[in-house]
1. Amide H of Val76: which non-local residues (sequence gap of 5 or more, or other chain) have their own amide H closer than 5 Å, using H built in the peptide plane?
2. Scale the Cα Rg of segment 1-137 by the rule-of-thumb value 2.2 N^0.38 Å and send over the ratio, two decimals.
3. How much of the accessible area of segment 1-87, in percent, comes from carbon and sulfur atoms when a 1.4 Å probe is used?
4. Calculate one ³J(HN,Hα) per residue across segment 93-105 by plugging θ = phi - 60° into the Karplus curve 6.51 cos²θ - 1.76 cosθ + 1.60, and present them in order as whole Hz with x for glycine and proline.
5. Once you list every other residue whose beta carbon is under 12 Å from the beta carbon of Arg32, what net charge do they have if Lys and Arg are +1 and Asp and Glu are -1?
Amino acid sequence: MQITCPCCHAKYALEAALSDADARRAVIMAGRLPGSVGELVLQYVGLFRPAQSALSWRRVARLTGEVLELIEAGAVRRKGRDWPAGISDFRMALETVLSQRQSLTLPLKSHGYLEEVLVGVVNKREGQAEQAAEVRRQRGDHRRADRDGEERAPRPVRDVAKEIEARRRDEWDRELGIVPGEATDGGG
């Protein structure tokens, strides 16, 4: 059975691939990748292929393992800080790098560009979260302290609306001279 390497596009027999220790290691590493990014990582590893030759299985295994380590760490250290990155962040970063393939200087030499793009993705996500929190704070949706100083969750809008409606009815009744609980003269 002939297969084609998704990274270097070389054609070879499946039996030959699995008999090579580095090839087995590469397949095992690829198998450990989360499903949503596995194919993207293999395409990304292909960006390390020299123009006139194929990637060795040893290099495929090493590169795949390095990306797997980044993903499993759940963070990347860059610019003097740890940037927490989830699977969706890695997926977006990989998609971004792959979409810019034509403008990249290939073959890639390190994961530095992926890490920079990942930092940008995480920074954007954190900025959006901060912005959303600020909007909630300005709207008063954040947790409030009750009279005893204990925090409580905001009340449901339906409850607040009922309370406002009851207050308005009481105000109208007072304006009309109707005291709640007293019988009217039937003129209603």
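1. Result for Val76 returns Trp83, Ala85.
2. Cα-based Rg divided by the globular estimate yields 1.18.
3. 56
4. 5, 4, 4, 5, 4, 5, 6, 9, 3, 5, 9, 7, 8
5. Cβ neighbours under 12 Å give a net charge of -1.
The values are calculated or read from the model by the stated rules, or taken from the named source; none is laboratory data. Since the model is a prediction, treat every value here as computed from it, not as a measurement. Here Cβ is always computed from backbone atoms with ideal geometry, including for glycine, and neighbour counts include all displayed protein chains. Ligands, DNA and RNA are stripped out before the accessible areas are found, and what is left, the full protein with its side chains, is counted by its heavy atoms. Shrake-Rupley method; radii C 1.70, N 1.55, O 1.52, S 1.80 Å.
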